[in-house]
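The values are calculated or read from the model by the stated rules, or taken from the named source; none is laboratory data. These numbers were taken from a predicted model, which means no experiment stands behind them. Quick reminder, even Gly has a Cβ in these numbers, built from the backbone with ideal geometry, and neighbours come from all protein chains shown. Just the protein is used for accessible areas: all its heavy atoms, side chains included, with ligands, DNA and RNA removed. Shrake-Rupley method; radii C 1.70, N 1.55, O 1.52, S 1.80 Å.
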Amino acid sequence: MKRGKFITLEGGEGVGKTTNLTFIKDYLQQHAIAVTVTREPGGTALAEKIRQLVLDTDSESIAETTELLLMFAARAQHIQHVIEPALAQGNWVLCDRFTDATYAYQGGGRKLSIATIALLEQLVQGDLRPDLTLLLDAPIDIGMERAQKRGAFDRFEAEKISFFTRVRDMYLTRAAEQPARIKVIQANQPLVDVQKDIMEVMKQFTAC
Ligand code: T5A
């Protein structure tokens, strides 16, 4: 059985990851590719409980290191129970956020050590890395405005603009360092144009 491909969607708050996840899933299915759609933090019953813990605004103040370890704890569970079995079966996995989010939010936003994140990445993932990452990038005010329309803010969305500026900068730095894997999509365009750009990337990727 040929191993599936691992695709992740990344970006700041409200840039359109969830909206475009469905678009990419439909594109892959139209090309007869079996796809498993999932998200982080989350993707298994236990990892979804961890998601609730880290996004909940009512919880006790969460230490930054606790937050980092919870992200990787959820990821370890997700990889073992969902991502690896799906890839091994030949399914493609389409994941709403993965470890680039940890570099961006805990590394960039919270200013935690990148070397520590890299160490945990190695411990939890071994050689597993996304084959393709679509980074939806938009000015912070646009994403926040879209996220606001959707309802009450979670624990991350309640952060300050300076936090999101560091998140965005870290994402863009990683995209500049890994241009073969991370494709930047201008997400401040009308949805139809965002999806045209995504389609171009997907055409090239599925042709390989
Ligand atoms: N996190 C996660 C970490 O800190 N570390 C980690 O390691 C990981 C994995 C998860 C939170 O956890 C943090 C980061 C996050 O803060 P989440 O739900 O994955 O939360 O992330 P959010 O960014 O909060 O997800 P959202 O659902 O808010 O945003 P999306 O999915 O990017 O946006 P979406 O698709 O819901 O769109 C928002 C609105 O905009 C509209 C949509 O219709 C929708 O109404 N829209 C557009 N409008 C106009 N033009 C376009 N081009 C549009 N595209 C979408």
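A few points about this structure:
- Hits in the stretch 76-90 - residues which are of a type outside the set (Asp, Glu) and without any contact (Cβ under 8 Å) to a residue 60 or more places away in the chain: Ala76, Gln77, His78, Ile79, Gln80, His81, Val82, Pro85
One line per residue, one yes/no per condition, for (1) under 18 Å from Lys25 (Cα atoms); (2) outside any helix (DSSP H, G or I); (3) more than 9 Å from the ligand (Cβ to nearest atom); (4) without any contact (Cβ under 8 Å) to a residue 12 or more places away in the chain:
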site: Glu157; (1), (2), (3), (4): no, yes, no, no
site: Phe163; (1), (2), (3), (4): no, no, yes, no
site: Val167; (1), (2), (3), (4): no, no, no, no
site: Ala175; (1), (2), (3), (4): no, no, yes, no
site: Pro179; (1), (2), (3), (4): no, yes, yes, yes
site: Asp197; (1), (2), (3), (4): yes, no, yes, no
site: Val201; (1), (2), (3), (4): yes, no, yes, no
site: Gln204; (1), (2), (3), (4): yes, no, yes, yes
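- Within the stretch 4-63, the residues that satisfy the criterion of being among the acidic types (Asp, Glu) and crowded, with 17+ Cβ neighbours inside 10 Å are Glu10, Glu13, Glu40.
- Matching residues, the stretch 42-61, being under 19 Å from Phe153 (Cβ atoms) and either within 11 Å of the ligand (Cβ to nearest atom) or within 17 Å of the chain's Cα centre (by Cα) (or both): Gly42, Arg51, Gln52, Val54, Leu55
- The set of residues in the stretch 32-75 that are in contact (Cβ under 8 Å) with a residue 60 or more places away in the chain and either assigned to a helix (DSSP H, G or I) or among the hydroxyl-bearing types (Ser, Thr, Tyr) (or both) comprises Val54, Leu55, Thr57, Ser59.
- Filter pass, Ala138 being modelled with pLDDT of 95 or more and either within 15 Å of the chain's Cα centre (by Cα) or under 26 Å from Thr57 (Cα atoms) (or both): yes
- Beta carbons closer than 8 Å, at least 6 apart along the sequence or on distinct chains, pair a first residue in the stretch 16-31 that is away from the ligand (no atom under 12 Å from the Cβ) with a second that is open to solvent by 50 Å² or more (accessible area, probe 1.4 Å) for Lys25/Val37; Tyr27/Met199.
Yes/no per residue for (1) more than 8 Å from the ligand (Cβ to nearest atom); (2) open to solvent by less than 10 Å² (accessible area, probe 1.4 Å); (3) in contact with a helix residue (DSSP H, G or I) (Cβ under 8 Å, 6 or more places away or on another chain):
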{"site": "His78", "(1), (2), (3)": "yes, yes, yes"}
{"site": "Val82", "(1), (2), (3)": "yes, no, no"}
{"site": "Asn91", "(1), (2), (3)": "yes, no, no"}
{"site": "Cys95", "(1), (2), (3)": "yes, yes, yes"}
{"site": "Thr99", "(1), (2), (3)": "no, yes, yes"}
{"site": "Ala104", "(1), (2), (3)": "no, yes, yes"}
{"site": "Ile114", "(1), (2), (3)": "yes, no, yes"}
{"site": "Ala118", "(1), (2), (3)": "yes, no, no"}
{"site": "Glu121", "(1), (2), (3)": "yes, no, yes"}
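- Scanning the stretch 7-30 for residues that are of a type outside the set (D, E, K, R), touching a helix residue (DSSP H, G or I) at 6+ places or on another chain (Cβ under 6 Å) and not in a helix (DSSP H, G or I) returns Leu9, Gly11, Gly12, Gly14, Val15.
- Scanning the stretch 116-134 for residues that are in contact with a Lys or Arg (Cβ under 7 Å, 6 or more places away or on another chain) and among the hydrophobic types (A, V, I, L, M, F, W, C) yields Val124, Leu132, Leu134.
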